[in-house]
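Okay, so here's the structure we're looking at.
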Protein chains: 2
Amino acid sequence: MTLEEAIKSSKFKDQRHKALIHIMYAAYQVKTNINQLLKNYALTGEQYNVLRILKGSHPTPLCVKDIAVRLIERNSNVPRIADRLEIKKLVKRFPSPEDRRETLIQITPAGINLLDAATQAMEAEHQHIANLTEDEAAQLNQLLAQMLQD
Amino acid sequence: MTLEEAIKSSKFKDQRHKALIHIMYAAYQVKTNINQLLKNYALTGEQYNVLRILKGSHPTPLCVKDIAVRLIERNSNVPRIADRLEIKKLVKRFPSPEDRRETLIQITPAGINLLDAATQAMEAEHQHIANLTEDEAAQLNQLLAQMLQD
DNA sequence: TATAATTACATGTACATACATATAATGTTC
DNA sequence: GAACATTATATGTATGTACATGTAATTATA
């Protein structure tokens, strides 16, 4: 479905205006796709992202703020996402011995297993979503980087 | 800030994978910018979108589902967004005489005034966000359309 | 070193999303 | 036209975002 069909409108001021709407629409489609896939693993997108970040540093645990700065959506409430992962025993949480203000969070073996399964499915999905050649994707990345500069 | 700096990672499988993350990051930046601007008008992004859709059909009111299909984020809960707009007297709501299951929603003069002021500020912001020429924006739109096809 | 400022996290509230379910009105089918 | 299916909206719950505030620990400074 094209953007115009999707939102039943073609009243864009110019190409730049359309691009902003288009980006938000594309992101929504990508996220919706990913969330659907993750439902098979009883994970939300943000829970998946936090697990992925934790596995990246495993076995070293990370404190809340170090997880937060690695998330795309910076205002995500990491303590509450961690609550839900902890209930499912996908992470464990303990106070930092070095700085007792910090809570360290570590992915559990169960968390790694679930993440690995979800990631495998995700990669297949990614191939399917991004209907672009590598050259085209590189071009898209260049344009997005330029758009966001400074 | 580049994507890599923003999420402190450069571990992308390929350009297509990076493009998916990049789109979500760009959309987040655009939305955050817009939401900041709209705070000056005590509106959220979704409230603004609903008002814009209602003004598009004004003075003809729209029912809940006709608003929903015009929103980018299709699962938005239009009745509850309408609740908040109604409290602020930016819209009024009444049952449809033709189909009493439907609730018709119409933007008020106060709603139009607020929307117009917000839209003027928004257009200035849009110019500022999208650091692209018209040709580049057109290219970006073409790539996004291709990515999303079927 | 005592006090002040900062930092890290948790938590409360308002709003939004995602999805299930309830209810009333309309449409369909026999 | 009665029974059933469908549609439109509302509402409940879990999750997440955005932001303000509270509390404890650490750091800075007088």
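Quick look at the numbers
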{"item": "Matching residues in the range B:121-150 - criterion: being assigned to a loop (DSSP other than H, G, I, E, B), more than 20 Å from the chain's Cα centre (by Cα) and of a type outside the set (Ser, Thr, Tyr)", "result": "B:LEU132, B:GLN149, B:ASP150"}
{"item": "Members of the range B:36-45 found to be within 10 Å of DNA strand D (Cβ to nearest atom), closer than 21 Å to B:GLU86 by Cβ and open to solvent by 30 Å² or more (accessible area, probe 1.4 Å), listed by number", "result": "B:LYS39, B:THR44"}
{"item": "Residue in the range B:115-137 that is at pLDDT 95 or above, buried (at least 19 other Cβ atoms within 10 Å of the Cβ), within 23 Å of A:LYS11 (Cβ to Cβ) and away from every other protein chain (no Cβ under 14 Å) present", "result": "yes"}
{"item": "Positions within the range B:34-58 being within 16 Å of DNA strand C (Cβ to nearest atom) and either at the interface with chain A (Cβ under 10 Å from one of its Cβ atoms) or not in a helix (DSSP H, G or I) (or both), in sequence order", "result": "B:ILE34, B:ASN40, B:TYR41, B:ALA42, B:LEU43, B:THR44, B:GLY45, B:ASN49, B:ARG52, B:ILE53"}
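Results for (1) near DNA strand D (Cβ under 10 Å from one of its atoms); (2) away from every other protein chain (no Cβ under 14 Å); (3) surrounded by 13 or more Cβ atoms within 10 Å (Cβ to Cβ), shown as yes or no for each residue.
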| site | (1), (2), (3) |
| --- | --- |
| B:LYS8 | no, no, no |
| B:LYS13 | no, no, no |
| B:ALA26 | no, no, yes |
| B:THR60 | no, yes, no |
| B:VAL64 | yes, yes, yes |
| B:LEU71 | no, no, yes |
| B:LYS89 | no, yes, no |
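The values are calculated or read from the model by the stated rules, or taken from the named source; none is laboratory data. A quick note: this is a predicted structure, and the numbers were derived from the prediction, not measured. Every residue, glycine among them, receives a Cβ derived from its backbone with ideal geometry; neighbour counts consider all protein chains shown. Heads up: the accessible areas ignore ligands, DNA and RNA and are worked out on the full protein's heavy atoms, side chains in. Shrake-Rupley method; radii C 1.70, N 1.55, O 1.52, S 1.80 Å.
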